[in-house]
Each structure stands twice: as structure tokens, then as C-alpha cells.
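K.L.:
Handing you a structure now.
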Amino acid sequence: MGRVGAVARPRRGDQKTAIREQAARLFAERGYHATGIQDICEAVGLGRGALYHHIHSKEELLFEISMLGLDELLEVSGEIATERLAASEKLRRLSRALMRNIAENRMALTVYFRELDLMSPKYRGELVERRADYQNLWQRILEEGAANGEFDAVDPVLVKGLLGMHNHSYLWMREGGRLSPEQIADRFCDVLLGGLRRSAAAPAPGEG
């Protein structure tokens, strides 16, 4: 049995999480290039040798921070896309999931959007590919809604605008704000769906 009052040492997984969180904060506040390894060491209370026991390089750490929340978002959104729901309800649920994800990973998204172009092609390419996979989920649901007559035909450029509207909320959304992330999503979707829904006078695909 350990000594009474002894402080348990963080497990390796917990320490890696702490390193990512502190590095994300520093990168977001100061920028990637202005943050040195020593700054990260001081933030997490580790020496250089101990820090490199948990990370391979500063750039790989930047990549890992930029990926935070993305796998979970893709998984949740993929499940929404396959549910037996109207396309409008799928879009609303995608929007809510995205806004919640942004709220929970705001520092990481600040780093991603600011530092993406500084990454080497290997890391940048993987991030761009994963983001493209996510964008395609939205595109497929818009196409699904247009095909079944729920939406008017949609130009693919609209998806970039819709995601930009959501993604840039990392700049202004704050914890404890007037609206929850889901409520913000609903406000977005009320406007979005009003513009997408096929008017009663418009013929559905194959009609007229």
C-alpha cells in the first residue's frame, strides 16, 4: 500500500493527454513556431528526455493535436448518415454533432486552421484527406435530399459554405455562452433548411 498522501504518478496515457492539451494551448496562444520544446516541458512539468518518451517530434505533436476529435466526429457522423431519417433531420444531427465537437476541441481547431499550411506534405495530406471524407458525408446527404424531392438541387460549392459557417465558430463560440453548441446548430439549420427545401410549386425529380 502506498504512503498516505502520496501523489500518484500520471499513467502514460494520461501524461500524453496532458502534453497534447498543454501544447494545444501554447500553439493556440503563441503559434507553433513561437512555442519551443522547453515551453512545453515547463507547461507539463517534464524534462526534455521525459517529454520525448511520450512524443516523437514537435511536428508529430502538432499533427496529433490537429487530429483531436476528428476520428470521433467521423464515426458519429457516419452513423447519422446511415440512419433511416429524412435528409433534413440528418443534416440537423450532423450540425449538432459538429458544433459539439468544435466546442470540445476549440484549442485543437484553432491550431489546425492556423498551422495546417506549416505541416510537411505527409501530415498535411492526411489531414486534408480526412477533412474531405467528412465534407463528402454532407455532400451525400444533400444529394440524397435532392434525389428524393426533399431539397432543391444543390451546387457542391454550398457544402464548403455550410462547413465554413460551422467551422469558424471556433473563433467566437465560448463555453457558458448564451446558446449551447446544439442550440447554435439549430439556429443555423433553421435558416439552412428553409433555403434548401423544395418549394411546393417546384416539381420533384422526374416530374413535369
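K.L.:
If I filter region 77-125 down to residues being in a loop (DSSP other than H, G, I, E, B) and in contact (Cβ under 8 Å) with a residue 60 or more places away in the chain, which single residue comes out as surrounded by the most Cβ atoms within 10 Å (Cβ to Cβ)?
P.N.:
Out of the qualifying residues, it is MET119.
K.L.:
Would you please name the residue that is most open to solvent (accessible area, probe 1.4 Å), looking only at residues in region 172-192 that are more than 22 Å from LEU74 (Cα to Cα) and either of a type in the set (Asp, Glu) or in contact (Cβ under 8 Å) with a residue 12 or more places away in the chain (or both)?
P.N.:
Top of the filtered list is GLU175.
K.L.:
Identify all residues within region 153-162 that are surrounded by 14 or more Cβ atoms within 10 Å (Cβ to Cβ) and either over 20 Å from MET99 (Cβ atoms) or modelled with pLDDT of 95 or more (or both); write none if there are none.
P.N.:
Scanning region 153-162 gives a single hit, VAL154.
K.L.:
Okay, next question. Taking ARG131 as the residue in question, decide whether it is assigned to a helix (DSSP H, G or I), over 15 Å from the mean Cα position of the chain (by Cα), under 13 Å from SER77 (Cα atoms) and basic (Lys, Arg).
P.N.:
Here the answer is no, as ARG131 does not meet what is asked.
The values are calculated or read from the model by the stated rules, or taken from the named source; none is laboratory data. No experiment lies behind these values; they were computed from the predicted model shown. Methodologically, a virtual Cβ is constructed for each residue, glycine included, from the backbone with ideal geometry; neighbour enumeration extends over all protein chains shown. The area values use the complete protein model at the heavy-atom level, side chains included, leaving out ligands, DNA and RNA. Shrake-Rupley method; radii C 1.70, N 1.55, O 1.52, S 1.80 Å.
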